[in-house]
Amino acid sequence: MGTAATCFAGIDVSKDTLDCCLLLPGRKAQEAAFSNDPKGHAALAAWADWHAAGAAVHFCLEATGPYSEAVATDLAAAGPVVSVVNPTRIKYAALARGRGNKTDKADARLIATYAERERPPAWHPPAPEVRELQGPVRAGS
């Protein structure tokens, strides 16, 4: 499977919602929104797989702390490549292209385009013992 067969999914993460844009080589991009909970994460993965029609899917989202960690972990556990990117990189990619208007839908497309162009590295969830240690620190924040 070459890079030409890869679809890129940009996910704009908020507390309750995941706005997604899936770039499909040679076809019209698909957009959808899902709940930011385990059921929504599973629905997002199934939706992307269905539209990708056998092609690999590379998911990309901004690092937004607890809101992005759960979906990134669930998607990575299902097998596809997941990249979690510093939001500043996405912001400057948008500014470089003259895009100043921000909507969740536009952000999802921008993240997908960024992933397609930059091919960010795969993210891997922290080991369970590291997450256990992070729990009390994050809870106190």
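Quick look at the numbers
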quantity	calculated
Matching residues in the range 11-70 - criterion: being open to solvent by less than 30 Å² (accessible area, probe 1.4 Å) and out of contact with any strand residue (DSSP E or B) (no Cβ under 6 Å at 6 or more places or on another chain)	His41, Ala45
Criterion (more than 11 Å from the chain's Cα centre (by Cα), more than 23 Å from Asn36 (Cβ to Cβ) and not acidic (Asp, Glu)) met by exactly one of Arg89, Arg97	Arg97
Where a residue in the range 44-56 is within 14 Å of Glu31 (Cβ to Cβ) and its partner, wherever it lies, is in a helix (DSSP H, G or I) and open to solvent by 20 Å² or more (accessible area, probe 1.4 Å), with Cβ under 6 Å and at least six apart	none
Selection count, the range 53-68, where residues are in contact with a helix residue (DSSP H, G or I) (Cβ under 9 Å, 6 or more places away or on another chain) and part of a helix (DSSP H, G or I)	1
The range 96-141, residues that are at pLDDT 75 or above, among the polar types (S, T, N, Q) and either part of a loop (DSSP other than H, G, I, E, B) or loosely packed, with under 12 Cβ neighbours inside 10 Å (or both)	Thr103
Qualifying residue in the range 85-95 (condition: in a strand (DSSP E or B) and open to solvent by less than 60 Å² (accessible area, probe 1.4 Å))	yes
Test: residue in the range 100-117 that is touching a Leu at 6+ places or on another chain (Cβ under 7 Å) and among the aliphatic types (A, V, I, L, M)	yes
Candidates Ser68, Ser83, filtered to the one that is in contact with a Pro (Cβ under 6 Å, 6 or more places away or on another chain), under 14 Å from Gly10 (Cα atoms) and at pLDDT 85 or above	Ser83
Residue check for Asp74: assigned to a helix (DSSP H, G or I) and within 18 Å of Ala122 (Cα to Cα)	yes
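The values are calculated or read from the model by the stated rules, or taken from the named source; none is laboratory data. Small disclaimer: the values here were computed from a predicted structure and weren't measured. Neighbour counts are summed over all protein chains in view; Cβ atoms, including those assigned to glycine, are modelled from backbone coordinates with ideal geometry. We work out accessible area using only protein heavy atoms, side chains counted, and drop any ligands, DNA or RNA first. Shrake-Rupley method; radii C 1.70, N 1.55, O 1.52, S 1.80 Å.
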